[in-house]
Amino acid sequence: MVIRSKTLRLVILISTVLITIIVAIQLVWLQKVYLYEEKQFNINVSKSIRSLYTDMELVNDATDNVQKVIENVNPDVYILKIDCSPNLEQLWENLKGELTDFDVYTDCRAAIYDSASKKYIAEQYINLPDAYFASDKEKELPVYDRDFSYIALYFPHRGQYIVKQMIFWIASSGLLLLVLIGFGFSIFYLYRQKFFNETQKDFVNNFTHEFKTPLAVIKIAADVLQQKNIVEKPDKLSNYAGIINEQTSHLQSQVQRLLEIAYTDRSSLPLEKEKFDINLLIEESINDLQPLIEQKGALLQTNFATADPMLYADKPYLRLCLINLIENAIKYAENPLIDIKTEVDSGHFYITVKDNGIGIATEHQKKIFDRFYRIKDGELHTSKGFGLGLNFVKKVIDTHKGKIEVSSEPGRGSAFTIILPRK
């Protein structure tokens, strides 16, 4: 499942990058279209002004280059040099006609500046088909101080007009963007559905891992109880019968909780916290694994903190975590030597399980807590189980707002340290 999920994540990543590139290209294209439309607007206005100069005698030297008497002081304002006082009615009428003839349909405010009085002496609002807000008529036109008289043409909605000219490109880009977003959501939805389906399938195939240790302990204990001379050892008989009873009860109490973990993707678990002695819980966990310890000939050493070993946490979940870690320490060593240590400070409790097993390479240490992750040596899995145990341990510790750290070196064993807040 890991490989399949990684492949799907790679597909989603590539799709996201492609969508981002397409969107970026669309934005660049829209910018280029805007610049083109802006340039076309300036050309059309310039053509209108040239034609206006041709229609009316606004300058003394008609042979002078018209471009020399046109000044574009900012994108919205044009200044037209004049040498005489034109007929206003004719000027406004000709100006409106020239603008529409050259496809300039946005509204325009025209004013005549008198160089002698240093102010506008006449003003007119040219109401073209694409006029916007009448309130713009009331705004005061900025005065540009020049040593000559001129006609000022102010296009207050030039930007909106250009954007309106781009409506087809904007609409098509928006539609493409919506399609891409829909495509992205579809891929993400299909990925989630596939992930859930694979999780359920893997759970059906692999859920027994969480119960394997208790069942193995029960099986070993049952084999001991079937020995012919077991009746001659009442203490051992009682001890192993008690282990079977305890492990059976433990399995029953954990079935529902483990099902809840496997069938949901919640980042945390429902905790039922209580105050208990963590050292005693570790001893109980070791006792649960006693048949397995005897079978492997494992040697366990404990070094418990004696100062206030009380912890407020979910006891059953934490017990399962300890069993997981101790069982792994037993499994991955030829002659298991396990050191379990607890430490306490003012705010945290530290539990370290150290072994002399095969160890974990650095590149695997961050991945061993992933669900279904198992270390491979070539094409073979070197780790036993199905890659659920450590993922469950980390989820429990994370839900307690703690953390778990691993220190390991191949061939020299591993040390797992659980750090839990005391409250």
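Readers should treat all values here as calculations from the given coordinates under stated rules, not as data from a laboratory. All values derive from a computational prediction rather than experimental measurement. Heads up, the Cβs are rebuilt from the backbone with ideal geometry, glycines too, and the neighbour counts pull from every protein chain shown.
How high is the FRET efficiency between Asp83 and Ile21 when r is their beta carbon distance and R₀ equals 56 Å, given to the nearest 0.05?
Efficiency at R0 = 56 Å is approximately 0.50.
Just to be sure I understand the model, the point goes 7 Å from the Cα along the line to the Cβ. What's the resulting Leu175 to Tyr312 distance in nm?
Label-label distance for Leu175 and Tyr312, simple model: 6.2 nm.
Can you tell me which of 211-223, 103-115 comes out highest on packing, and rank the rest after it, using the mean Cβ neighbours within 10 Å?
Order by mean packing, descending: 103-115, 211-223.
Any idea which of Pro336, Ile397, Ile286 is furthest toward the positive side of the dipole for segment 272-421, if Lys and Arg beta-carbons carry +1 and Asp and Glu beta-carbons -1?
Selected residue: Ile397.
Collect residues whose amide H, placed 1.01 Å from N in the peptide plane, falls under 5 Å from the amide H of Val59; neighbours closer than 5 in sequence don't count.
Asp83
What residues qualify as long-range amide H neighbours of Phe349, i.e. H under 5 Å apart, gap of 5 or more or another chain, H built at 1.01 Å from N?
Leu420, Arg422
Compute and list, largest first, the equivalent-ellipsoid semi-axes of segment 272-421 from the alpha carbon gyration tensor, each √(5λ) rounded to a whole angstrom.
Ellipsoid semi-axes (Å, largest first): 25, 18, 14.
Could you please rank Tyr154, Tyr161, placing first whichever residue has the fewest other Cβ atoms within 10 Å of its Cβ?
Tyr161, Tyr154
Want the number for Val11 to Glu334: 0.36 nm per residue separation, take away the alpha-carbon distance, what's left?
112.0 nm
Just to be sure I understand the model, the point goes 7 Å from the Cα along the line to the Cβ. What's the resulting Leu225 to Tyr36 distance in nm?
8.5
Find out how many positive minus negative residues lie around Ile278, taking Lys and Arg as positive, Asp and Glu as negative, among other residues whose Cβ is under 14 Å from that of Ile278.
-1
Please list 233-245, 336-348, 171-183 highest first by mean number of surrounding beta-carbon atoms within 10 Å per residue.
Ranked from most to least packed, the peptides come out as 336-348, 233-245, 171-183.
Taking R0 as 30 Å, what FRET efficiency do you get between Val406 and Asp345 from their Cβ-Cβ distance, rounded to the nearest 0.05?
0.90
How much length is gained on full extension from Asn303 to Asp76, taking 0.36 nm per residue of separation minus their Cα-Cα distance?
That works out to 73.5 nm of additional length.
Using the Karplus curve 6.51 cos²θ - 1.76 cosθ + 1.60 with θ = phi - 60°, what ³J(HN,Hα) values do you get for each residue of segment 331-342, in whole Hz, with x for Gly and Pro?
Couplings: 5, 9, 9, 5, 10, x, 10, 10, 10, 10, 10, 10 Hz.
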